[in-house]
Structure formats: C-alpha cells, structure tokens
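In what follows, a structure is listed as structure tokens, so that the remarks can point back to it.
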Amino acid sequence: MVELKSDAALDAMREAGRVVADALAAVRETAAVGVSLSELDEVARGVLTAAGATSPFLGYRPSFAPVPFPAVICASVNDAVVHGIPDGYRLRDSDLVSIDCGAVLDGWAGDAAVSFTVGTARPEDTALIDDTRRALEAGIAAAVVGNRIGDIAHAIGTVARARRYGMLEGFGGHGIGRRMHEDPHLPNEGRPGRGYPLRAGLVLAIEPMLIAGGRDDYSTDPDGWTLRTNDGSRAAHVEHTVAITEDGPRILTLP
Ligand code: MG
Ligand code: MG
C-alpha cells in the first residue's frame, strides 16, 4: 500500500534526512587511507546518537539475510556494490567507497548514500561516480506530479545505459516514511508512462547503482549481505530521499 504524507510529515522527514546528511558528511570527512570501515560506522553512530535518532539499518533483517545487519552504515568498497558490512578493513589509496546511511527521528525515516574515492582518484572512478550522480539527478528531475514510477526508472536507466554501465538486477529505490522500505518499489530501469502514478506527498528513496564493467549480474558474499560484481569491476551507489510535491521534487536528505 502506498501512503501519501502530509506537509507536516514531510517537514518531520526533512529533519530525519538532515541527520542522515550530517552522518554521511562526517563519515566522508573521516574517510582516509588507513581508516577502517568500522571506524566510519562509529562516526555515523555518534552523529545519530547526538541527534537523538536511531538506525533503521542496525538489526535490520529482510528475508534474504542470514543475520541481522550489524551496523548503522553500509560500507561497500570497490567491487562491492551495496550492503557491505563495515569491518576492520582499512581504506587504501584509490579505493572507491560507497556509504549508505539511514536514520529514524521522531518516528520518520531518511535514507541516503554517497560514493567517493580515497587518496588518489582513478579517472575512471571519478567518471563512474559523476555518472551515477547524473543518473540520480535525472531520476529526481522526473519525480514530479503527473509522471509515473516508470518515468523515474526510465530517466535513471537511460543515463546508465547510454554510458554502457551495468546495474544491479532486481535492486532499486523504494517508498519511505515511518518505515525505511515502503511501497512502491522503484526500479532503476523501466518504461516511461508505466507504473504507479506520482502524487504530491509520495516520498521515494531514489538510488542508482552503476557497475563500471557493464554487466548486471552479481554475487552475494559469504556474509550473506555484501553484493559484489561478478566481473570484479567497480560500482558506485548514490541515493536521496525525495518528496514529490506540487512545487516539484523536494530533496529531504540534503545537509
Ligand atoms: Mg540507502
Ligand atoms: Mg534505500
């Protein structure tokens, strides 16, 4: 069931989104060669706690997961696309890192992700991250009243496929509100004019995940969570929580 949010709810979600943005900014500031992924998780935990927010990631256990998620961020490095568990791995020069973070504040959720490089950036990684951001921007631009879910999916997929990127089969964005994952599902590729009609008050997490090698297949690590490209190529993942309003898309996870 798709739930439309009131203006007051959108304002509350904006505050949750601000906490997510702050946590991601703090993580990014901390990330450097030699810093471990679990240290980045600690930084995000500190921001959430200080804001009085809780994590919708910590303890999350969807049907596919063998164990509850043990952290407040997903940290996916290089050929890990999404859902990486922050562990003792220490960042190395030229790593490509994707950090996904959520927060629940006063009962409302926010969800966002960023990709960045550490130390010396490889030009192809910078291009991949820029293109993933472009796909997100195209998706957000299509998040307007009168369009349908398929228009957002098509906008994202068009940017990705024009540059011959792969995408994670079956994964995409989602509705968000009191729970992190609500209806409708938002594929990262689709046909324009199809799917659920976008109305004011619908809030979506829009999240392209692009794979440099161009293939769509992936494998799950033995940890049961981390999704990794099969060809070993790197991936980027960026996400914003976006409200559809009569005045156009309102990004709720900006700083
Ligand atoms: Mg997310
Ligand atoms: Mg999400």
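Below is a table of values for the structure above.
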read-out	value
Segment GLU3-ARG199, extension gain: residue separation times 0.36 nm, minus the distance between their alpha carbons	69.5 nm
Gain in span if fully extended, GLU15 to ASP106, counting 0.36 nm per residue against the direct Cα distance	31.9 nm
Spin-label proximity, THR49 to the stretch 97-111 - amide N less than 18 Å from point 7 Å beyond Cα toward beta carbon	102-105
Net length gained if the chain between ARG90 and LEU254 were fully extended (0.36 nm per residue, minus Cα distance)	56.3 nm
Fraction of accessible area attributable to carbon and sulfur, the chain (%, probe 1.4 Å)	51
Projected label distance in nm at VAL33 and SER63, using a 7 Å step from Cα toward the beta-carbon	4.6
Selection from PHE69, LEU10, HIS185 lying farthest towards where the dipole of the chain points positive, charges on Cβ	HIS185
For the stretch 83-216: accessible area per residue (Å², 1.4 Å)	39
³J(HN,Hα), Karplus 6.51/-1.76/1.60, whole Hz, each residue of the stretch 239-255, x for Gly, Pro	8, 9, 8, 10, 9, 8, 10, 4, 9, x, x, 10, 7, 9, 10, 7, x
Three-way shape call for the stretch 7-251 based on the alpha-carbon gyration tensor, with the a/c threshold at 1.5	oblate
Span-like helix ranges in the chain, DSSP H, alpha carbon extent 15 angstrom or more, Kyte mean at least 0.5	37-51, 149-162
Cα centroid separation - the stretch 123-158 against the stretch 171-208, whole Å	13
Selection of trypsin sites (Lys or Arg not before Pro), the stretch 22-92, meeting DSSP coil and at most 13 other Cβ within 10 Å	ARG92
Restricting the stretch 27-74 to chymotrypsin sites (Phe, Trp or Tyr not before Pro) in coil, as DSSP defines it, with at most 11 other Cβ within 10 Å	PHE64
Selection of GluC sites (Glu not before Pro), the stretch 119-176, meeting DSSP coil and at most 15 other Cβ within 10 Å	GLU169
Estimated dipole of the chain in Debye, rounded to 20 [Cβ of Lys and Arg +1, of Asp and Glu -1, Cα centre]	420
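The values are calculated or read from the model by the stated rules, or taken from the named source; none is laboratory data. Here the structure is a predicted model, which is why all the values come from computation and not from measurement. Don't worry about glycine lacking a Cβ; one is built from the backbone with ideal geometry, like all the others, and counts go over all protein chains shown. The protein model used for the area step is the full one, side chains on, heavy atoms only, and it has no ligands, DNA or RNA in it. Shrake-Rupley method; radii C 1.70, N 1.55, O 1.52, S 1.80 Å.
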